1. Give the residue that is farthest from ligand 1 (Cβ to nearest atom), with candidates limited to residues of segment A:141-170 that are of a type in the set (Gly, Ala, Ser) and open to solvent by less than 10 Å² (accessible area, probe 1.4 Å).
2. Just to be sure before I move on: is residue A:33 away from chain B (no Cβ under 13 Å), surrounded by fewer than 20 Cβ atoms within 10 Å (Cβ to Cβ) and not acidic (Asp, Glu) in the structure I sent?
3. If residue A:194 meets every condition in (1) hydroxyl-bearing (Ser, Thr, Tyr); (2) within 16 Å of ligand 1 (Cβ to nearest atom); (3) open to solvent by 10 Å² or more (accessible area, probe 1.4 Å) apart from one, which number is that one?
4. Of the numbered conditions (1) surrounded by fewer than 18 Cβ atoms within 10 Å (Cβ to Cβ); (2) modelled with pLDDT of 90 or more; (3) within 14 Å of ligand 1 (Cβ to nearest atom); (4) not aromatic (Phe, Trp, Tyr), residue A:25 satisfies every one except a single condition; which is it?
5. Show me the helices (runs of 4 or more DSSP H) entirely contained within segment B:87-158 in which 1 or more residues are away from chain A (no Cβ under 14 Å) and surrounded by 13 or more Cβ atoms within 10 Å (Cβ to Cβ).
6. Every residue in segment A:49-59 that is open to solvent by 10 Å² or more (accessible area, probe 1.4 Å) and within 12 Å of ligand 2 (Cβ to nearest atom), please.
7. Does residue A:62 fit the bill of being within 11 Å of chain B (Cβ to nearest Cβ), assigned to a strand (DSSP E or B), away from ligand 2 (no atom under 16 Å from the Cβ) and buried (at least 16 other Cβ atoms within 10 Å of the Cβ)?
8. Please specify each residue of segment A:70-107 satisfying the condition of being away from chain B (no Cβ under 14 Å) and either among the aliphatic types (A, V, I, L, M) or buried (at least 17 other Cβ atoms within 10 Å of the Cβ) (or both).
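The values are calculated or read from the model by the stated rules, or taken from the named source; none is laboratory data. The model shown is predicted, which means the values in this text are computed figures rather than measured ones. With ideal geometry, Cβ positions are generated from the backbone for all residues, glycine too; neighbour counts draw on all protein chains shown. When the accessible area is computed, the model is the full protein with side chains, heavy atoms only, and any ligands, DNA or RNA have been set aside. Shrake-Rupley method; radii C 1.70, N 1.55, O 1.52, S 1.80 Å.
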Amino acid sequence: MNLIEIKGVTHAYKTKAGPFPVLKNLNISIPEGSFCAVVGPSGCGKSTLTRLIAGLMFPDQGEVWLHGERVTSARKTVGMAFQNPVLLEWRTILQNVMLPLEIVAPMMPRRQKEERARELLAMVGLEGFEGQRPSQLSGGMRQRASLCRALVHKPDVIILDEPFGALDAFTREDLWQTMHEMRAKEPFTALLITHDLRESVYLGDQVVVLSGRPATTQYVMEIPGGGPRPLEILYEPESVERLAILRHQIQIAQGREAA
Amino acid sequence: MNWQKIVVPIAAVVVLMLAWEWLVWFNDWPNYKMASPSDLWPAFVRFQDLFWLYGWQTLWRTVAGLAVAVVFGTFLGMVMGLSKVMNEALYPLLVGFNAIPKATVVPVVALMFVGQHDFNTILIAFLISFFPIAVSVSIGLSTLEPEYRDILRSLGASRFTVFWKIALPKTLPEFFGALKVAVTLAFIGTNLVEIITPHGRGLGHLFQSAQTNSDFPLMFAVLIALAALGIFLYYIVVALEKIFAGWAERPAH
Ligand SMILES: Nc1ncnc2c1ncn2[C@@H]1O[C@H](COP(=O)(O)OP(=O)(O)O)[C@@H](O)[C@H]1O
Ligand SMILES: [Mg+2]
């Protein structure tokens with residue numbers, strides 16, 4: 001069964017100048033436990049898509065299904081991370097990671113919340129930094145903490161909107177590997193928005209290319225294998241070929257935007 | 001390290017007093033031109049009871065006005081920060097109101113509520129000081145990055161939870177910045193009323209009567225007392241800021 005099902009979603013923002021179409025007949029299916037990477041020209045509607053899945057907004061037409069239920073309100077079963085890690089400076093790293101539990105499971109004993117947060121922080125290599133403030137950490141470490149926060153309440157799906165976009169190349173590759181390690185230890189379904197084709201091929205089980213605005217599903221690539229993989233895989237002929245195809249698709253998508 | 005924070009300011013005050021004393025002595029200024037610190041002490045001692053009584057009046061009125069300003073200003077800031085329409089509607093009104101010199105409002109208020117001295121004083125202290133609070137809270141709330149809100153909203157958190165857990169604490173540093181300005185303004189407001197309508201008493205009245213009696217050392221003594229009260233109030237706000245928004249201070253490297 002598909003965990004996320006996006007069926008013929010069309011959406012326009014209402015602006016003073018009239019409706020502003022952003023998504024048009026968009027279709028995406030993400031099986032449970034699978035990692036879907038979404039690429040597309042900037043401004044095509046990718047973040048809008050994440051907000052529709054999270055139930056922060058509802059489409060004009062079409063349906064969003066999550067875990068066999070139609071999304072008609074915000075769900076407790078998603079986790080989100082953005083390019084900006086948006087950690088709260090008045091909380092320690094540990095308290096930041098615990099935040100979703102305070103909303104989703106207010107009755108859970110504090111000890112249990114703490115244990116869960118510590119477990120995740122250890123998984124991403126932030127053991128020993130639990131008591132630090134966000135500003136004391138590097139950008140990469142903050143993003144790691146933000147990923148922990150997205151996962152702490154064991155959501156059905158985590159929605160990642162360009163979480164690695166602002167990091168330097170080496171830190172970014174480190175985090176890709178962390179992503180794979182986390183999936184191996186604690187499987188989750190993910191939708192990742194990215195600008196980086198290499199990232200999409202390295203992390204995704206499926207790469208969806210969106211057309212220019214209004215975005216529609218332009219191309220879907222399945223990437224067999226799954227599970228953790230070495231970074232070198234990106235230099236193998238299959239990956240190089242995939243990257244070439246995706247680059248070509250992006251160019252088409254950008255052409256459409258210009259038209 | 002800590003003793004330095006106490007000793008240095010005290011030393012600075014002593015140096016200032018000595019310089020002042022010397023200046024008056026050197027120029028041989030008479031008391032009606034410039035009283036010297038050595039004249040102030042007798043004035044304090046002679047009117048000790050009045051200083052305590054009126055000082056207390058001035059203090060509690062200022063604090064009461066400030067408290068109303070905090071409640072009202074925060075509320076107004078919330079309304080303006082959370083609703084774009086309300087912001088557009090209220091902002092020009094607020095700016096216009098703030099532009100009116102409060103000295104002109106004092107007689108109006110005194111006429112409207114004749115004899116209600118406490119009420120009038122608190123009202124002016126409040127009117128003069130809520131503006132920076134309202135503006136800072138509204139800016140703090142309206143500049144909240146949407147991602148902060150989305151993190152919690154996607155978990156089904158209510159608007160109130162988002163406000164309580166994120167928007168409010170995030171606004172605290174700006175709030176305290178504004179409160180530091182507001183505390184000084186409220187103090188000015190209180191004294192304005194006490195001087196213009198002296199029947200209400202307070203340190204402003206003591207100043208007024210010293211002036212009437214050409215008691216120059218007393219006038220200066222009142223000024224010093226006002227300065228001391230102002231410093232006291234200001235540092236209370238600083239202490240509260242340390243407690244509630246100390247996290248905003250980045251540690252020095
Ligand atoms: N609340 C909104 N009201 C009006 N237009 C919006 C709103 N949010 C986004 N847009 C516009 O919709 C388009 C798609 O936005 P977004 O989904 O953020 O794009 P992406 O994440 O792909 O860069 C952009 O052109 C953006 O300016
Ligand atoms: Mg975006």
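1. Taking segment A:141-170 and keeping what is of a type in the set (Gly, Ala, Ser), we get A:145-146, A:150, A:165-166, A:169.
From what is left, the residues that are open to solvent by less than 10 Å² (accessible area, probe 1.4 Å) are A:145-146, A:150.
Working: A:145: 23, A:146: 18, A:150: 18 Å.
By that ranking, first place goes to A:145.
2. Values: away from chain B (no Cβ under 13 Å): yes; surrounded by fewer than 20 Cβ atoms within 10 Å (Cβ to Cβ): yes; not acidic (Asp, Glu): yes.
Spelling it out, residue A:33 is indeed away from chain B (no Cβ under 13 Å), surrounded by fewer than 20 Cβ atoms within 10 Å (Cβ to Cβ) and not acidic (Asp, Glu).
3. Result: residue A:194 passes all but (3).
4. Condition not satisfied by residue A:25: (3).
5. Working: elements: B:102-112, B:117-142, B:146-153.
Because the criterion is at least 1 residues that are away from chain A (no Cβ under 14 Å) and surrounded by 13 or more Cβ atoms within 10 Å (Cβ to Cβ), the helices (runs of 4 or more DSSP H) in segment B:87-158 that meet it are B:102-112, B:117-142.
6. To start, the set of residues in segment A:49-59 that are open to solvent by 10 Å² or more (accessible area, probe 1.4 Å) comprises A:51, A:56-59.
Correct list: A:51 only.
7. Numbers: within 11 Å of chain B (Cβ to nearest Cβ): no; assigned to a strand (DSSP E or B): yes; away from ligand 2 (no atom under 16 Å from the Cβ): yes; buried (at least 16 other Cβ atoms within 10 Å of the Cβ): yes.
Criteria not met by residue A:62.
8. A:94, A:107
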